[in-house]
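Handing you this structure, nothing more for now.
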Amino acid sequence: MTWPMLFGVLSLMTFQLADSAFIGELGKDPLAALGFTLPMQQLIIGLQVGLGIATTAIVARTLGAGDELRANRLGGLIITVGGTLVFLICAALWLLQGHIMTALGAEETLLPLIRRYWIPWLIAAWTGAVLYFGYSVCRSHGDTKLPGYMMVATSLTNIALDPLYIFTFGWGLPGAAWATVTSFGIGCLVIYPKLLKRHWVRFDLRQLALWQALKQLNGIMAPAMVSQLMPAVSAMLATALVAGFGSGAVAAWGLGTRLEFFSLIVVLALTMSMPPMIGQLLGAGDIEQIRKLVRIAVRFVVVWQLAIGLTWVVASGLVSELFSNDSDVQEVLAAYLVRVPLSYSGLGVCMLMVSVCNALGLAMRALLVSTLRLFLCYLPLLWLGSQINGIFGLMSGALVGNLFAGVVAYSFYRSGMKPLQSSTSQNGVR
């Protein structure tokens, strides 16, 4: 179940990196504008991932109980609720964009560029969220291949359209967003007819006990969503901190953040594929098998992410020159790649533990892990590092904070497993 998601997420991260490379050709200001947009992007992604977690849990559980008709109606409800929520957030971001950019420390000269970019970007964000909800319904039915193939297809389409829209049509930075709108729109036109044909979504919601369904959805969605929104809040605060060092630093930080997403694709794929497996084992009462599964995943993530981090260290000079032709951006990005990627093993473990805790029904523990990672481990050390050694100290703070967060997250998971194991033993279920 992991492989299709791995290739799908890999393709998504690849098109985002391609976006950054094409935008980097336009100069420092468009890259900085993109950097200020990334925290808002994480906000919307947090919402859709939180709802995706709820989709997988509720629909899969309902299917397991043999009530296929209700599961299909729940799929329709989730798409309706998710599409509406993301639309409202996008509308709010558009109305508040001036206040948001000022709060993040954007320079006055960047505001007109950001304003031109935000309309197509927000449309792309909404279209991508609606497409993601379709993917979530597929995964809840055990189909990871269709979402994986579609992620690859839409990403390749986006990469092909980028130079056409950005340079040939002369649309510049907004062209990158319009390319995304086009590719995600095509994805929706493919995925939703298939969902309807398979009867995996139904929109006769009046036949559903609506209030009960919404309550069930909210019970899982709310803590999962807040947990997923924490990185967005952290990203806003981090961007505001980085903005104090100039637009070049923001541009480099934005590029580094996109490289971070790319570096964590295997972890992201695992966070999508492991919950259904853990849910089945939990239903069977096989806690020991869950512990073995998680141990294997954690060991793999630590070794894999350490190898990725060392690769970025070796390639830091070459990569910084590839993504920008501005010397200030190159210097800061190279410094980022020498420091922050070495902490991706800790960050990966933390992400995995949040997903595992949600799958175990420990949603509040998952929320606590996310909160402590950002507001105990990451942001304080980010600020402390900036006070000691400026932008370079800030990056060293990110390194230490992520590693510390990984240790804290694994400790919380282990302590959460003890009462689960005890209750299973008392019930006499293996």
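Of the numbered conditions (1) open to solvent by 10 Å² or more (accessible area, probe 1.4 Å); (2) of a type outside the set (Val, Ile, Thr); (3) under 24 Å from the mean Cα position of the chain (by Cα); (4) farther than 30 Å from residue 19 by Cβ, residue 357 fails exactly one; give the number of that condition.
(1)
Now a separate question. Can we say residue 163 is part of a helix (DSSP H, G or I) and under 20 Å from residue 43 (Cβ atoms)?
Taking the combined requirement at face value, the residue does not satisfy it.
Could you please find all residues in the range 204-226 being surrounded by 14 or more Cβ atoms within 10 Å (Cβ to Cβ) and in a loop (DSSP other than H, G, I, E, B)?
Once the filter is applied, which keeps residues that are surrounded by 14 or more Cβ atoms within 10 Å (Cβ to Cβ) and in a loop (DSSP other than H, G, I, E, B), the range 204-226 yields only 208.
Okay, moving on. Please tell me if residue 263 is among the hydroxyl-bearing types (Ser, Thr, Tyr), under 30 Å from residue 60 (Cβ atoms) and either modelled with pLDDT of 85 or more or touching a Pro at 6+ places or on another chain (Cβ under 8 Å) (or both).
Taking the combined requirement at face value, the residue satisfies it.
Right, next: Would you point out which residue out of 24, 82, 52 is without any contact (Cβ under 8 Å) to a residue 60 or more places away in the chain and crowded, with 19+ Cβ neighbours inside 10 Å? Don't jump to the end; show me each part of the working.
On the way: 24 fails: without any contact (Cβ under 8 Å) to a residue 60 or more places away in the chain; 52 fails: without any contact (Cβ under 8 Å) to a residue 60 or more places away in the chain.
Result: 82 is the single residue among 24, 82, 52 that is without any contact (Cβ under 8 Å) to a residue 60 or more places away in the chain and crowded, with 19+ Cβ neighbours inside 10 Å.
Here's a check for you: in the range 183-203, which residue that is part of a loop (DSSP other than H, G, I, E, B) and of a type in the set (Lys, Arg) is surrounded by the most Cβ atoms within 10 Å (Cβ to Cβ)?
202
Return the total of residues in the range 55-104 being assigned to a helix (DSSP H, G or I) and either among the aromatic types (Phe, Trp, Tyr) or over 30 Å from residue 242 (Cβ atoms) (or both).
Adding up the residues that qualify gives 29.
Next up: Kindly list the number of the only condition in (1) of a type outside the set (Asp, Glu); (2) more than 24 Å from residue 219 (Cα to Cα); (3) open to solvent by less than 40 Å² (accessible area, probe 1.4 Å) that fails for residue 367.
Answer for residue 367: the failing condition is (2).
Are any of the residues in the range 242-253 touching a Gly at 6+ places or on another chain (Cβ under 9 Å), more than 30 Å from residue 394 (Cβ to Cβ) and open to solvent by less than 50 Å² (accessible area, probe 1.4 Å)?
No, that holds for no residue.
What's the number of the condition residue 168 fails, among (1) closer than 22 Å to residue 124 by Cα; (2) surrounded by 13 or more Cβ atoms within 10 Å (Cβ to Cβ)?
Going through (1) closer than 22 Å to residue 124 by Cα; (2) surrounded by 13 or more Cβ atoms within 10 Å (Cβ to Cβ) one by one, residue 168 breaks only (2).
Listed here are the residues, each with its yes/no results for (1) of a type outside the set (Phe, Trp, Tyr); (2) closer than 26 Å to residue 100 by Cα.
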{"site": "3", "(1), (2)": "no, no"}
{"site": "9", "(1), (2)": "yes, no"}
{"site": "12", "(1), (2)": "yes, no"}
{"site": "18", "(1), (2)": "yes, no"}
{"site": "21", "(1), (2)": "yes, yes"}
{"site": "28", "(1), (2)": "yes, yes"}
{"site": "32", "(1), (2)": "yes, yes"}
{"site": "44", "(1), (2)": "yes, yes"}
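Residue pairs, Cβ under 9 Å, 6 or more apart or interchain, first in the range 344-371 and in contact (Cβ under 8 Å) with a residue 60 or more places away in the chain and under 18 Å from residue 400 (Cβ atoms), second assigned to a helix (DSSP H, G or I) and among the acidic types (Asp, Glu). List them.
Going by the 9 Å Cβ cut-off, the qualifying pairs are 344/260; 347/260.
Let me ask another. Would you pick out the residues in the range 305-321 that are surrounded by 16 or more Cβ atoms within 10 Å (Cβ to Cβ) and more than 13 Å from residue 342 (Cβ to Cβ)?
Within the range 305-321, 319, 320 meet the criteria.
Continuing with the same structure: Out of the range 360-390, which residues are among the polar types (S, T, N, Q) and over 19 Å from the mean Cα position of the chain (by Cα)?
386, 387, 389
Give just the number: which of (1) under 30 Å from residue 379 (Cβ atoms); (2) open to solvent by less than 30 Å² (accessible area, probe 1.4 Å) does residue 330 not satisfy?
The failed condition is (2).
If I ask for residues that are assigned to a helix (DSSP H, G or I) and either open to solvent by 50 Å² or more (accessible area, probe 1.4 Å) or not β-branched (Val, Ile, Thr) (or both), which ones from the range 171-182 would you list?
Hits for the range 171-182 are 173, 174, 175, 176, 177, 178, 179.
Shifting gears a bit: Every residue in the range 114-147 that is open to solvent by 20 Å² or more (accessible area, probe 1.4 Å) and assigned to a loop (DSSP other than H, G, I, E, B), please.
141, 142, 143
Conditions (1) more than 19 Å from residue 240 (Cβ to Cβ); (2) surrounded by 22 or more Cβ atoms within 10 Å (Cβ to Cβ), marked per residue:
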{"site": "324", "(1), (2)": "yes, yes"}
{"site": "336", "(1), (2)": "no, yes"}
{"site": "349", "(1), (2)": "yes, yes"}
{"site": "363", "(1), (2)": "yes, yes"}
{"site": "372", "(1), (2)": "yes, no"}
{"site": "385", "(1), (2)": "no, yes"}
{"site": "390", "(1), (2)": "no, no"}
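The values are calculated or read from the model by the stated rules, or taken from the named source; none is laboratory data. Since we're looking at a predicted model, the values are computed, not measured. Neighbour counts run over all protein chains shown; Cβ positions are idealised from the backbone, glycine included. For the accessible areas, the whole protein counts, side chains as well, though only heavy atoms, and no ligand, DNA or RNA atoms are used. Shrake-Rupley method; radii C 1.70, N 1.55, O 1.52, S 1.80 Å.
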